[in-house]
1. For LEU78, only one of the following conditions fails: (1) among the hydrophobic types (A, V, I, L, M, F, W, C); (2) touching a helix residue (DSSP H, G or I) at 6+ places or on another chain (Cβ under 7 Å); (3) surrounded by fewer than 21 Cβ atoms within 10 Å (Cβ to Cβ). What is its number?
2. Return yes or no: is ILE175 in contact with a Cys (Cβ under 6 Å, 6 or more places away or on another chain) and either of a type in the set (D, E, K, R) or buried (at least 23 other Cβ atoms within 10 Å of the Cβ) (or both)?
3. Among LEU94, LEU64, LEU116, LEU132, which is buried (at least 19 other Cβ atoms within 10 Å of the Cβ), under 18 Å from GLY156 (Cα atoms) and touching a Phe, Trp or Tyr at 6+ places or on another chain (Cβ under 9 Å)?
4. So ASN88 passes all but one of these: (1) surrounded by fewer than 16 Cβ atoms within 10 Å (Cβ to Cβ); (2) assigned by TED's automatic domain parsing to the domain that holds PRO155; (3) under 20 Å from VAL164 (Cα atoms). Which condition number does it fail?
5. Look through LEU116, LEU132 and report the one residue that is of a type outside the set (Gly, Ala, Ser) and out of contact with any Leu (no Cβ under 6 Å at 6 or more places or on another chain).
6. Scanning for something out of contact with any Cys (no Cβ under 6 Å at 6 or more places or on another chain), of a type in the set (Gly, Ala, Ser) and in the same structural domain as VAL164 (by TED's automatic domain parsing), does the stretch 38-59 turn up at least one residue?
Amino acid sequence: MKKAPAAKKVTVAPKKATARVKDTAPARTVVHPPGGESRTALVRRARRINRELAEVYPYAHPELDFDNPFQLVVATVLSAQTTDLRVNQTTPALFAKYPTPEDLAAANPEEVEEILRPCGFFRAKTKSVIGLSKALVEDFGGEVPGRLEDLVKLPGVGRKTAFVVLGNAFGRPGITVDTHFQRLVRRWQWTAETDPDKIEAAVGALFPKSDWTDLSHHVIWHGRRICHARKPACGACPIAPLCPAYGEGETDPEKAKKLLKYEKGGFPGQRLRPPQAYLDAGGKPAPPLGAG
């Protein structure tokens, strides 16, 4: 006589978290919420998650060090396939030697490669940063353009990089769909899409444009600190009650705390210094880049 199969253990998220740890709109698409959740419920849950994360990371900002739009676009290109911390350790020497697009456009590639070697893929990145510097000089008078359609024409600059620059150097809303953002919005079942442009459209439709840049920071910070790819710290997650994927990672609070990274785990963040104020087009001090 066969034994009845054992009942599957169901992991339930705790009721309260154990740790408090020009328009660039995406193309409009018809979004069907996954998992049978109603559209209204999905919007409410997504916005509540963002509000909760805003309380946990009220200081969320780009973790790349930069003083002006040129430094930001270069640093963002360099951040591909490496950490922001590694970029922040590398760019001081780069910008000390090549402070302007004109300087970098005329640089010896071999000398740039030597500086960028710690960032990985240094030959391709050297080609990109020199190429985008030449494009800035030749096509934009040595200034970083503030429009999406112009930014994506620069070598090495895609929509993700463009939105980082638009949102943090020009104050124009944009959603930054990096690997952390992709992973988390699918875990939260905000969308089932896998293409970055479709993810951008689906998530952008859930929030007002004014939320897009800060939303990107909140999600990316959470992905770096708590909701990791391989071992998410579910037991230390402040939005566990709202997460359909609760239980994929460690649910024991004490064990989960050991998985936390950066300042949530007692370590400093990736940034080496705060942003500096710079002069706007009228010669007046502008707010620090990356603030807010």
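1. Tallying (1) among the hydrophobic types (A, V, I, L, M, F, W, C); (2) touching a helix residue (DSSP H, G or I) at 6+ places or on another chain (Cβ under 7 Å); (3) surrounded by fewer than 21 Cβ atoms within 10 Å (Cβ to Cβ), LEU78 fails exactly one: (3).
2. In short, no.
3. LEU116
4. (1)
5. None of the others qualify; the one that does is LEU116.
6. Narrowing the stretch 38-59 to residues out of contact with any Cys (no Cβ under 6 Å at 6 or more places or on another chain): 38-59.
Still in the running and of a type in the set (Gly, Ala, Ser): 38, 41, 46, 54.
Checking which are in the same structural domain as VAL164 (by TED's automatic domain parsing) leaves us with none.
No, the stretch 38-59 contains no residue that is out of contact with any Cys (no Cβ under 6 Å at 6 or more places or on another chain), of a type in the set (Gly, Ala, Ser) and in the same structural domain as VAL164 (by TED's automatic domain parsing).
The values are calculated or read from the model by the stated rules, or taken from the named source; none is laboratory data. This structure is a prediction, so every number in the text was calculated from the model and none was measured. Glycine gets a Cβ as well: all are built from the backbone with ideal geometry, and neighbour counts include every protein chain shown.
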